[in-house]
1. So what's region 31-92 giving for Cα Rg divided by 2.2 N^0.38 Å, two decimals?
2. Please sort by residue number the GluC sites (Glu not before Pro) in region 1-96 whose DSSP state is loop and whose Cβ has at most 11 other Cβ atoms within 10 Å.
3. Could you tally the net charge around H52, taking each other residue with its Cβ under 15 Å from the Cβ of H52, Lys/Arg +1 and Asp/Glu -1?
4. Quick one: net charge around F14, please, counting Lys, Arg +1 and Asp, Glu -1 for every other residue with C-beta under 11 Å from its C-beta.
5. What trypsin sites (Lys or Arg not before Pro) does region 1-93 have in DSSP loop regions with at most 16 other beta carbons within 10 Å?
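Only the coordinates and a few stated rules stand behind these numbers; no lab work does. As the structure is a prediction and not an experimental result, all values here were calculated from the model. As a convention, Cβ positions derive from the backbone with ideal geometry for all residues, glycine included, and neighbour counts pool all protein chains shown.
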Amino acid sequence: MDDQRIESHPILQFEKSAVLSFTFDGQPMQGREGDTVASALFANGVQVFGRHFKTKRARGFYCAIGNCSSCLMVVNGKSNVRTCTTYLEEGMVVETQEDRGNLLRKRQVGQALDVSKGASDDV
Ligand code: FES
């Protein structure tokens, strides 16, 4: 683990909690119990969590409180997960999200199917 954590501090004390294993884009990594997915990634040296769907600029940890959507990733196959507010669990599969995630892609496919059946394309 390329641990970027603060291990000692003159005032604060940090408990060493249980180690949890997970994968990020197929690479095995470890975090600690109580980590969010984003904090575990950051502790492993990952700072780019994805790319903006239009500009392709790098996105990463920004607000860290679930407000900005800068940290959206695919977690256990589910798109658009705010990794800064999702606790890490043993065996999680975390992937970089492309574009706007699978939900939109499924919706577009669904619309295409509905249109072919003659249904309205109002959503
Ligand atoms: S960093 Fe802003 S929502 Fe996660």
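1. Taking the Cα Rg and dividing by 2.2 N^0.38 Å, one obtains 1.05.
2. Details: sites: E7, E15, E33, E89, E90, E95; in loops: E7, E15, E33, E89, E90.
Those satisfying the criteria are E7, E15, E90.
3. On the way: positive: R51, K54, K56, R57, R59, R100; negative: E98, D99.
For residues surrounding H52, the net value is +4.
4. Working: positive: R5, K16, R32; negative: E7, E15.
The answer is +1.
5. Values: sites: R5, K16, R32, R51, K54, K56, R57, R59, K78, R82; in loops: R5, K16, K54, K56, R57.
When the trypsin sites (Lys or Arg not before Pro) of region 1-93 are filtered for loop state and at most 16 Cβ neighbours within 10 Å, R5, K16, K54, K56, R57 remain.
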